[in-house]
Structure formats: structure tokens, C-alpha cells
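K.L.:
Input: one structure, supplied below.
What follows is calculated from the coordinates using simple rules that are stated; it is not laboratory data. Fair warning: this is a prediction, and the values are worked out from it, not measured in the lab. In this analysis, Cβ positions are derived from the backbone assuming ideal geometry, glycine residues included, and neighbour counts consider all displayed protein chains.
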Amino acid sequence: MKIKSGDKVKVIAGKDKGKKGKVLQVFPDKGRASVEGINLAIKHLRPKKQGEKGQKIEFPAPLNISNLMLLCPKCNKPTRIKFKILEKSDNLRNKKVRICSKCKELID
Ligand SMILES: [Zn+2]
């Protein structure tokens, strides 16, 4: 996945276009991610007991990863990701890392 939870991203399409936020959760099988404060939706909770009021809870609905662009933690710019294989880096296993296409820095 190009995006991981904890990444800072910029929204490049949809109703929250231009906003920035932190990725809360990634859903790889759906190709979606939820971002703090982005794409807010309201969930109505039914009252649990009689006489209680139902609740409205605001939560960030997952949005398509193609609508998000990673903000590089090194150069702070929205960037495309390149992958690089570090050969036998740790424990003699190959490791796939993400690289910023702007500043060429390793992201993780
Ligand atoms: Zn960068």
C-alpha cells in the first residue's frame, strides 16, 4: 500500500479537496482509508433503552486512496510514491520501502 495509518495526506478530489489530515485507518482490500477530519459522515445510533435519545456520531468515512496524496514528511510536499527494494537490509531479508518522488528521501 502506498499509504499507511499515521501518514499525513492531502485530499486531491471530492468534497474535501485541498484539505489535509492524518490517516487513521487503511482498508487495503477496499482501497480506502479514513482520514482525521475528512469526509465526515453522521452515524445515527439507536437508543439502547426505552426513553433514551438516539445519538448522532460524526465519523470520518473511508475514502478512495486514489483521492489522496501523501504529504512527504521530509519535504512537506504532496508527492507520488516510488517503491524501492532494499536488498537484505535487516535480518537478511529484502525490504520494500517508500521513496518520495520529489526529494528522493526514504519515507519509511
Ligand atoms: Zn519529499
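K.L.:
Under a straight-distance cross-link criterion of Cα-Cα below 12 Å, which aspartates and glutamates are reachable from Lys10, leaving out those fewer than 8 residues away in the same chain?
P.N.:
By straight Cα distance, Lys10 reaches Glu36.
K.L.:
In addition: In debye, nearest 20: dipole of the chain around its Cα centre with unit charges on the Cβ of K, R (+) and D, E (-)?
P.N.:
Here the chain has a charge dipole of around 160 debye.
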